[in-house]
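What follows is one structure encoded as structure tokens, with my remarks underneath.
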Amino acid sequence: MKITDLKFLAIALLAVTFSFTLNSCSDDDDDKKGEEVNYTLSLASEDDALLELPTDQLVDTVVHITTNAPAELIKVEAVENNGSWCTAKVLNNTTISVKAGIHTESNDRTATFKITVPGAEPVEFTITQLGTDTQNTITLSGVPMENNMYTYTTPYKDGAPFSFVIKTNAGRWNMTVEDWNDPEDGTYTPWYSINKTSGRSGETVEIRFTQANETGMMKNIMLNISAGTAEPVSIFIMQDPMPATKITVWDTDEAITIANNTLLSFNANDISSNRVEYGIDTNGSIDVAICTAGTSNPITEEESWLNASYGIYGNIVISPKSANTTGADRKLDVVLKGGDVELFRIPVVQKAN
């Protein structure tokens, strides 16, 4: 065979191979084009199905969706009571942006939108913009109330997260934190973390306690929540101090150390102005209890003829409530405890007439 014939045969074989490859690729593409994609669509949160906007919307509202469709196949359109005051558009395949103008009328107004993707059930969401006569409100769920104030106390360490829900008919709520523990010298690290300080109605706030309180003083912060024209609401968050494990007690002048179980004696006519103060030094917090003499059984303030308290200057103040007119000595014990552990006992007697 001639060399020219071999060249011709090689070229022919290459042409056949290339043609077969093109046909195969074309067949594969045709098969893919024929496949049906099953798209899905849902709201990422049911809370987005009904949204309330303030009379003057200051920020855009977003509705989150979950879908496997690309953004160009997602459609959003108004289906009920919609005017030029409210518009919605697709930002991407997870987010719908909603904008509203200022509402100057007294009544609320609403608009409903439908989101669609090919082959999936449509989903709807409704926007309500409050009228000028609507008073904004704030309600909290999951927050204990004590003495007409929202309060929560966590242990000095290993405190479980604390969460609560904020509900409001305003468009958004905002929260500021007052932290009196911050010396503002650049060395302070907060003993808590908060997952959000603003949001919409129905959202959950979670506080985690990231540090143990290894001091003898209570730590505290105030959460101040506002929303539109609503009356602000505050929550007082406290962290218990570390219980003391040791204690030293001095006399009033802090010159003499008082031994455990040293008797304190009052005269029969001594009253609350005849008080005795002891200085103390501890490595944590203490609790003061008045107990039946020789026991660990506390008595109530009403049952006690004795006052005993932990002063703000780190001292113990003890005094009779009144003169002893019973005709017999009366006795009680002042017990100083670190948590549930007794650290020091002061037997107290008020003599008879």
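Numbers below:
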quantity: Per DSSP, loop GluC sites (Glu not before Pro) in region 282-353 with at most 14 further Cβ within 10 Å; calculated: GLU301, GLU302, GLU303
quantity: The chain - charge dipole about Cα centre, Lys and Arg +1 at Cβ, Asp and Glu -1, debye rounded to 20; calculated: 380 debye
quantity: For SER42, net neighbour charge (Lys/Arg +1, Asp/Glu -1) across residues whose Cβ lies under 15 Å away; calculated: -4
quantity: Sulfur and carbon atoms: percent of accessible area, the chain [1.4 Å]; calculated: 50 percent
quantity: Calculated FRET efficiency for the pair ASN283/ASP240, C-beta based, R₀ 22 Å, to 0.05; calculated: 0.90
quantity: GLU121-ASN174 FRET efficiency (beta carbon distance; Förster radius 41 Å; 0.05 resolution); calculated: 0.70
quantity: Distance between region 144-190 and region 93-125 - C-alpha centres, whole angstrom; calculated: 34 Å
quantity: Estimated [θ] at 222 nm from DSSP helical runs (n ≥ 4, -39500 (n - 2.57)) normalised by residues in the chain, nearest 500; calculated: -3500 deg cm²/dmol
quantity: Folded to 0 to 90 degrees: helix 3-34 orientation relative to the chain principal axis, Cα; calculated: 50 degrees
quantity: Net charge of Cβ neighbours under 12 Å - reference GLY284; Lys, Arg +1; Asp, Glu -1; calculated: -1
quantity: Ranked by how many other beta carbons lie within 10 Å on average, peptides 97-103, 333-339 from highest; calculated: 333-339, 97-103
quantity: Surrounding net charge for ASP270, when Lys and Arg each add one and Asp and Glu each subtract one, Cβ distance under 14 Å; calculated: +3
quantity: Å² per residue, accessible surface of the chain at 1.4 Å; calculated: 58 Å²
quantity: Sparse-neighbourhood loop sites, GluC sites (Glu not before Pro) in region 77-112 - DSSP loop, at most 12 other Cβ within 10 angstrom; calculated: GLU105
quantity: Residues in region 107-121 reached by a label modelled at LYS89 [backbone nitrogen below 16 Å; 7 Å Cα→Cβ]; calculated: none
quantity: Gain on full stretching of the segment that runs from THR229 to ILE194 - 0.36 nm per residue minus C-alpha separation; calculated: 10.2 nm
quantity: Sites matching trypsin sites (Lys or Arg not before Pro) across region 211-300 that sit in DSSP coil, with at most 12 neighbouring C-beta atoms within 10 Å; calculated: LYS246
quantity: Label zone at ALA212 (point 7 Å along Cα-to-Cβ), backbone N below 13 Å, region 140-176; calculated: 155-159
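The values are calculated or read from the model by the stated rules, or taken from the named source; none is laboratory data. Predicted, not measured: the structure shown is a model, and the values here were computed from it. Cβ sites come from the backbone with ideal geometry, for glycine too, and all protein chains shown count toward neighbours. For the accessible areas, the whole protein counts, side chains as well, though only heavy atoms, and no ligand, DNA or RNA atoms are used. Shrake-Rupley method; radii C 1.70, N 1.55, O 1.52, S 1.80 Å.
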